[in-house]
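Read through the structure below, which is laid out as structure tokens, and then see the notes.
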Amino acid sequence: MKKLISRNVWLLSMVSLFTDIASEMLYPIMPVYLKHIGFSILLIGVLEGVAEATAGLSKGYFGTLSDAQGRRKPFVIIGYALSGLSKPLMAFFTYPLWIFGVRTLDRLGKGLRTGARDALLSDESTPKTKGRVFGFHRSMDTLGAAIGPVCALIYFQYYPEQYEQLFIIAFAPGIVAFCLSFLLKEKVKIVFNPKAKPRLFDFINYWKTASANYKKLTTSLLIFALANSSDVFLLLKVKEAGYNDVTVIGVYIFYNLVYAAASYPLGKLADKIGMKPVFIFGLLLFITVYAGMGMTSSSWVFICLFLVYGIYAAATEGIAKAWITNMVDKSETATAIGTFTAFQSICTLLSSSVAGFIWYAAGPSYLFYAAAIVTFGAILFLSPIRNVLQNNN
């Protein structure tokens, strides 16, 4: 493992870990805080819609810009800096426009760094080790997603309903992540035009010129994204079954711990037998979880389903990006990832909106069954795709 996981991969993984500690420390209480300062449910929905749209468009644009300039590190540093800075700013003022601006700043930071960061991870691996490299990074990232809510639970045991101070505390791991990002060493092998300035929607042009295999794979992934609504709906199902907030957050922490533990082993397995079978296995687990969610209200079944859900996430999230980077040339890695994640953000936004409507109009069971059926369609679309490796990578 020491030979496979380089210094840069360790650093990127630690940066993601501390960033996720900060973000996930706030994730469970964000809707509660927004309602506390006067946001309606409608305004919260609009806020999250604007934030996701910002993240989606910026992922595509900055991924293309990173490839055009042949640089990765500046995008990573500035992206993590913006996300870290946004945390304490949420507590300074409660004006809606200020909150919208700060939330958008956070999502802009994510969009700025995503393509460049994943390109750096790709540069640190070979087609035969990408599953492990991306899996290790995802494992550390998700470990932060488990630590963050634990910190929030401990904090609220002593300071209930004191939300503003938690935003200030979350700034600390953000600073650590920002400082660690300066230690990255960029491997610049090809010098592009540093003054290149692609237009906002130039990443769409990449879709037109991309390989057939890239289009088939990303289309399958986007079909699945249309089924994969926010995890909030799974947590709401647990809450609706009569369990308290501590139990809901506990289940979320448990899911993230399973996700973190399984990411590297499943990435290693993907390197041995191929990305496709592991990814399809993950989608089958997703179908199992969503079908099960539609039928149960038992606490023990919920625990088992979130265990399976953690394994599903480990078998798909990092592996999808590793698979994409194996299909494209090194010089367009950030563009390929940025294009996919941009469209994915749009699909996720649509998915969550439709999911909310189905939940309201027909009930949660219909939502979960519909997602399972659409995911099965994504598997059928994915089946003919081969594990193609790009020689230049």
Task: region 362-385 residues that are within 13 Å of Met293 (Cβ to Cβ) and among the charged types (D, E, K, R), paired with ones that are assigned to a helix (DSSP H, G or I) and open to solvent by less than 20 Å² (accessible area, probe 1.4 Å) (beta carbon under 9 Å, 6 or more apart) - done: none
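Could you say which residue among Val50, Val76, Val15 is surrounded by fewer than 17 Cβ atoms within 10 Å (Cβ to Cβ) and under 18 Å from the mean Cα position of the chain (by Cα)? Walk me through it before giving the result.
Details: Val76 fails: surrounded by fewer than 17 Cβ atoms within 10 Å (Cβ to Cβ); Val15 fails: surrounded by fewer than 17 Cβ atoms within 10 Å (Cβ to Cβ).
It is Val50.
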Task: One residue from Leu97, Leu85 being modelled with pLDDT of 90 or more, out of contact with any Pro (no Cβ under 8 Å at 6 or more places or on another chain) and surrounded by fewer than 20 Cβ atoms within 10 Å (Cβ to Cβ) - done: Leu85
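Here is a yes/no grid of residues against (1) open to solvent by less than 10 Å² (accessible area, probe 1.4 Å); (2) aromatic (Phe, Trp, Tyr); (3) part of a loop (DSSP other than H, G, I, E, B):
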position	(1), (2), (3)
Gly282	yes, no, no
Ile287	no, no, no
Met295	no, no, yes
Cys304	no, no, no
Ile311	no, no, no
Ile319	yes, no, no
Trp323	yes, yes, no
Val328	yes, no, yes
Ser331	no, no, no
- [ ] Mind counting the residues in region 222-272 that are open to solvent by 40 Å² or more (accessible area, probe 1.4 Å), over 22 Å from Ala370 (Cα atoms) and of a type in the set (A, V, I, L, M, F, W, C)?
- [x] 5
Open item on the list: Of the conditions (1) farther than 15 Å from Ser6 by Cβ; (2) open to solvent by less than 20 Å² (accessible area, probe 1.4 Å); (3) basic (Lys, Arg), Arg117 satisfies every one except a single condition; which number is it?
Closed with: (1)
Task: The lone exception for Arg138 - which of (1) modelled with pLDDT under 90; (2) open to solvent by 20 Å² or more (accessible area, probe 1.4 Å) it fails - done: (1)
- [ ] Kindly provide the set of residues from region 234-264 that are hydrophobic (A, V, I, L, M, F, W, C), within 16 Å of Gly282 (Cβ to Cβ) and in contact with a helix residue (DSSP H, G or I) (Cβ under 6 Å, 6 or more places away or on another chain), ordered by number.
- [x] Val258, Ala260, Ala262
TODO: Would you confirm whether any residue within region 31-38 is touching a residue at least 60 places away in the same chain (Cβ under 8 Å) and either buried (at least 19 other Cβ atoms within 10 Å of the Cβ) or farther than 27 Å from Val150 by Cα (or both)?
DONE: yes
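The values are calculated or read from the model by the stated rules, or taken from the named source; none is laboratory data. From a predicted model like this one, the values you see are computed outputs, not experimental measurements. Don't worry about glycine lacking a Cβ; one is built from the backbone with ideal geometry, like all the others, and counts go over all protein chains shown. Note: accessible area is taken over every heavy atom of the protein model, side chains too, but ligands, DNA and RNA are not part of it. Shrake-Rupley method; radii C 1.70, N 1.55, O 1.52, S 1.80 Å.
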